[in-house]
1. Can you pull out every residue in the stretch 135-148 that is crowded, with 19+ Cβ neighbours inside 10 Å and touching a Phe, Trp or Tyr at 6+ places or on another chain (Cβ under 8 Å)?
2. Within the stretch 96-113, how many residues turn out to be free of Cβ contacts under 8 Å to residues at least 60 places away in the same chain and aliphatic (A, V, I, L, M)?
3. Report whether or not Lys127 is at pLDDT below 90 and either of a type in the set (D, E, K, R) or within 19 Å of Gln259 (Cα to Cα) (or both).
4. List the residue pairs whose Cβ atoms are under 7 Å apart, where the first residue sits in the stretch 19-31 and is over 13 Å from Lys304 (Cβ atoms), the second is of a type in the set (A, V, I, L, M, F, W, C) and open to solvent by 60 Å² or more (accessible area, probe 1.4 Å), and the two are 6 or more positions apart or on different chains.
5. Taking the stretch 147-174, which residues are more than 17 Å from Ser194 (Cβ to Cβ), among the β-branched types (Val, Ile, Thr) and in a strand (DSSP E or B)?
6. In this structure, is Asn118 outside any loop (DSSP other than H, G, I, E, B) and outside the structural domain of Thr212 (by TED's automatic domain parsing)?
7. Could you check Ser151 against (1) open to solvent by 50 Å² or more (accessible area, probe 1.4 Å); (2) modelled with pLDDT of 90 or more and say which number it fails?
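The values are calculated or read from the model by the stated rules, or taken from the named source; none is laboratory data. All of these numbers come straight from a predicted model, not from anything done at the bench. Heads up, the Cβs are rebuilt from the backbone with ideal geometry, glycines too, and the neighbour counts pull from every protein chain shown. In case anyone asks, the SASA skips ligands and DNA or RNA and just uses the protein heavy atoms, side chains included. Shrake-Rupley method; radii C 1.70, N 1.55, O 1.52, S 1.80 Å.
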Amino acid sequence: MRITNNMITGNYLYSLNKSLERQNDIQEKLSDGKAIHRASDDPIKAIRALRFNTSVGTNEQYTQNVKDAISWMDTTDGALQDISDITARAKELAIKAVGPNPTEGFQAIASEVDGIINQLVQIGNTKIGDRYVFSGQKDKTEAFTTVKDASGKVTAVEYQGDNNKISMSIQPGLADATRDSVNLTGTDVFGATSILIAADPSAIPPQEEVTTTELFKNLIALRDELMKDPPDLTKISSEPAADSIMGKMDVDRNSMLLQQTQMGARMATYATSLSLLENNNTIITNDLAANEDLDIPKAIIDAKSAENVYNMALSVGARIMPMSLVDFLK
């Protein structure tokens, strides 16, 4: 077989270009420490990297959902604790009102109960960011508003939220309102009922129907009864207890405490889920790094070897390439 100068030159340039291409590939990997830049580098590892990246993104989203849920439930639990303390004080006042008191004493108790009503309205409108925690899915709407008569006295507290749950998924699958809900509605905490209240006598109709809650309804009834002269103490505490204001307040408080207990149990579950998700994130991240991170020491050795090969090829090429006019221009 006849070997021509053109064949020698072509083969040499091809080999030189391959050597330079390998050197460039190693330098590209060393520049960011990643062994895979395109699927052709390693198809199997590329597929694994796609799966790991998808898993990391999904896991991080679930982790953020759990953190948001815990923040929401922490705010709710703090509000429930305040409600518990205030309703305990209301119960003390109701017991105190049953005993013998002067007229001024009843009025003082009524005044404190009125303050408790206003405090509960304020707590019922607890917010996290710009969202009301007890408004259900209508969380941009203020949960409770007061209805007042001409004298400025609160005659009812209206609930403006809904009874829908806010769900935050922490695992694959469709969100379940029972399993994934993180909120309590105003009716969960305070109970709900519809009543007729007196409005402006000059208005038509003179009464309006509002949605209020049992707890506020009973506290307003207690306050109004204490403001009478003399108050009917049998309405505050009588047998059977469930028919009295005090008995109804006990039912309201026990219902609220049950919700607080369930919220505490759910918070513990979410705290455990957060720990598991964070551990999973660490494992997936390590797997991803092991799959696509470059072996730096080996890559440096390969880069030096590729550089030596390239320089040697240049040296050999200077000897085997045919002489040209440039070689004589000295």
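1. If the condition is that a residue be crowded, with 19+ Cβ neighbours inside 10 Å and touching a Phe, Trp or Tyr at 6+ places or on another chain (Cβ under 8 Å), then Asp139, Ala143, Phe144 are the ones that fit.
2. Count: 1.
3. Against the criterion (at pLDDT below 90 and either of a type in the set (D, E, K, R) or within 19 Å of Gln259 (Cα to Cα) (or both)), Lys127 does not qualify.
4. Cβ pairs passing all conditions: Ser19/Val309.
5. Val154
6. Details: outside any loop (DSSP other than H, G, I, E, B): yes; outside the structural domain of Thr212 (by TED's automatic domain parsing): no.
Criteria not met by Asn118.
7. Ser151 satisfies all of (1) open to solvent by 50 Å² or more (accessible area, probe 1.4 Å); (2) modelled with pLDDT of 90 or more except (2).
Yes/no per residue for (1) farther than 26 Å from Ser181 by Cα; (2) in a helix (DSSP H, G or I); (3) open to solvent by 40 Å² or more (accessible area, probe 1.4 Å):
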{"site": "Arg22", "(1), (2), (3)": "yes, yes, yes"}
{"site": "Ile26", "(1), (2), (3)": "yes, yes, no"}
{"site": "Leu30", "(1), (2), (3)": "yes, yes, yes"}
{"site": "Ile36", "(1), (2), (3)": "yes, no, no"}
{"site": "Phe52", "(1), (2), (3)": "yes, yes, yes"}
{"site": "Val56", "(1), (2), (3)": "no, yes, no"}
{"site": "Ser71", "(1), (2), (3)": "no, yes, yes"}
{"site": "Ile83", "(1), (2), (3)": "no, yes, no"}
{"site": "Ala97", "(1), (2), (3)": "yes, yes, no"}
